[in-house]
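Following: one structure in structure tokens, then a few remarks.
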Amino acid sequence: MQRCPESIPLHSDSSNKIKCYGPSNAATRRCIFAPSSVPESSLLRLAGEDADPAGRGVFATRAITAGDTIHSAKPLVTHPSLSRLHEVCYYCLRRKKGEDGVDTGGYYFCSDSCRENSMAFHEVENRGDWSMLNEYCRSRGLKYPLMVKQLACMVLGGAVSSDCLDILQPTSLHFEMLLEMEDEYKLLRSSFKKANIADDAMAFLSKEWYINVLARLRVNAFRIELACGSYEDLLASAVALVGDDAAVGNAVYIVSSFYNHDCDPNAHIVWVDSADAKMKALRHIEEGEELRICYIDASMDVDARQKILLEGFGFHCNCLRCLYGE
């Protein structure tokens with residue numbers, strides 16, 4: 001991993017547990033201090049903008065005990081699964097319980113706080129009709145275009161800059177993907193046009209911007225599966241698993257996206273009752289050791305893991321498990 005001599009701490013943490021390295025530029029700094037983008041419990045160091053994005057990683061600055069919470073993070077962008085659109089909070093993805101909560105524009109919010117925080121994008125979103133985009137994504141099993149729509153609404157609402165995800169590493173896209181993305185982009189832009197969003201306000205919303213955001217979401221967005229907090233949640237989760245729809249939605253984070261992969265990870269991310277992520281240590285971690293998570297189901301055999309990682313994330317895994325064929 002490359003470290004630049006001009007690396008500077010942008011965010012510090014009283015527990016001083018981790019440090020994170022990656023490219024730094026003006027866009028990065030705007031993103032780092034965007035609302036809910038970086039957990040308050042992280043020490044974040046960003047290397048120079050000439051650094052190789054693939055060389056980034058998160059390292060322990062002191063020994064960490066198994067079971068410790070390493071850090072917590074709020075997502076920058078979330079979107080519920082379409083099948084759960086009216087069953088979870090539109091902002092934090094918390095499951096709906098009974099008749100509690102606040103309904104706004106046909107969407108459920110678990111609290112006044114979530115409803116108010118959603119105004120960063122929801123006021124803009126409420127101006128449009130997204131039924132065509134939703135149906136397009138539902139019929140094709142797509143989720144990332146919905147997150148791009150959410151991000152575009154946040155940009156239009158002034159909550160984040162249009163380049164706030166540039167710090168994240170993109171995946172490579174093949175020709176067929178680009179063709180599909182062109183159709184998605186046209187549908188998204190036309191929906192904003194029909195909502196009477198001014199052209200100058202949408203100047204950022206180019207096809208290039210859309211593709212660049214999608215390329216980052218494809219490898220950095222997390223599939224959110226909440227822990228079961230009650231017997232009723234356990235039953236709902238079991239039913240969802242049978243229908244292959246255990247996820248309540250998807251979310252993208254900044255610091256959490258810096259964690260590299262290992263098929264034998266020393267850390268993992270858990271979601272208890274909302275999209276707020278908690279990074280937990282799976283075993284004792286030494287000072288200076290890189291913190292790694294597993295991007296996929298670690299119980300699969302080596303061939304299956306290699307195939308999914310190559311096709312889904314664009315890399316061959318060279319962890320010890322894979323090298324030994326385990």
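The values are calculated or read from the model by the stated rules, or taken from the named source; none is laboratory data. Just so it is clear, the structure is predicted and the values come from calculations on it, not from any experiment. No Cβ is skipped: glycine too gets one built from the backbone with ideal geometry, and neighbour counts run over all protein chains shown. Ligands, DNA and RNA are excluded from the accessible area calculation, which covers all protein heavy atoms including side chains. Shrake-Rupley method; radii C 1.70, N 1.55, O 1.52, S 1.80 Å.
Checking the condition of a type in the set (Gly, Ala, Ser), open to solvent by 50 Å² or more (accessible area, probe 1.4 Å) and within 20 Å of the chain's Cα centre (by Cα), which residue from SER162, SER172 passes?
The conditions single out SER172.
Output yes when any residue across the stretch 130-138 is within 14 Å of the chain's Cα centre (by Cα) and surrounded by 15 or more Cβ atoms within 10 Å (Cβ to Cβ), and no when none is.
No, the stretch 130-138 has no match at all.
Is it the case, given these coordinates, that ARG283 is exposed (fewer than 14 other Cβ atoms within 10 Å of the Cβ) and either basic (Lys, Arg) or closer than 16 Å to ASN318 by Cα (or both)?
Answer is yes for this residue.
Residues are listed down the side, and each one gets a yes or a no for (1) of a type in the set (Asp, Glu); (2) within 15 Å of the chain's Cα centre (by Cα); (3) open to solvent by 40 Å² or more (accessible area, probe 1.4 Å):
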site	(1), (2), (3)
SER118	no, no, no
VAL124	no, no, no
ARG140	no, no, yes
VAL148	no, yes, no
VAL155	no, no, no
GLU176	yes, no, yes
LEU179	no, no, yes
GLU182	yes, no, yes
LYS186	no, no, yes
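SER230: out of contact with any strand residue (DSSP E or B) (no Cβ under 8 Å at 6 or more places or on another chain) and either modelled with pLDDT under 95 or crowded, with 16+ Cβ neighbours inside 10 Å (or both), yes or no?
Working: out of contact with any strand residue (DSSP E or B) (no Cβ under 8 Å at 6 or more places or on another chain): yes; either modelled with pLDDT under 95 or crowded, with 16+ Cβ neighbours inside 10 Å (or both): yes.
Taking the combined requirement at face value, the residue satisfies it.
Considering only residues that are open to solvent by less than 40 Å² (accessible area, probe 1.4 Å), assigned to a loop (DSSP other than H, G, I, E, B) and not aliphatic (A, V, I, L, M), which ones fall in the stretch 295-326?
Selection gives CYS317, CYS319.
When the residues of the stretch 194-227 are narrowed to those that are exposed (fewer than 13 other Cβ atoms within 10 Å of the Cβ) and in a helix (DSSP H, G or I), which ends up nearest to the chain's Cα centre (by Cα)?
Once the filter is applied, the top-ranked residue is GLU208.
Select from the stretch 280-298 the residues that are modelled with pLDDT of 90 or more and either out of contact with any Phe, Trp or Tyr (no Cβ under 8 Å at 6 or more places or on another chain) or at positive phi (or both) and list them in ascending order.
Correct list: LYS280, ALA281, LEU282, ARG283, HIS284, ILE285, GLU286, CYS294.
Checking LEU142 against (1) part of a helix (DSSP H, G or I); (2) under 30 Å from GLU311 (Cα atoms); (3) free of Cβ contacts under 8 Å to residues at least 60 places away in the same chain: exactly one of these is not met. Which one?
Single failed check for LEU142: (1).
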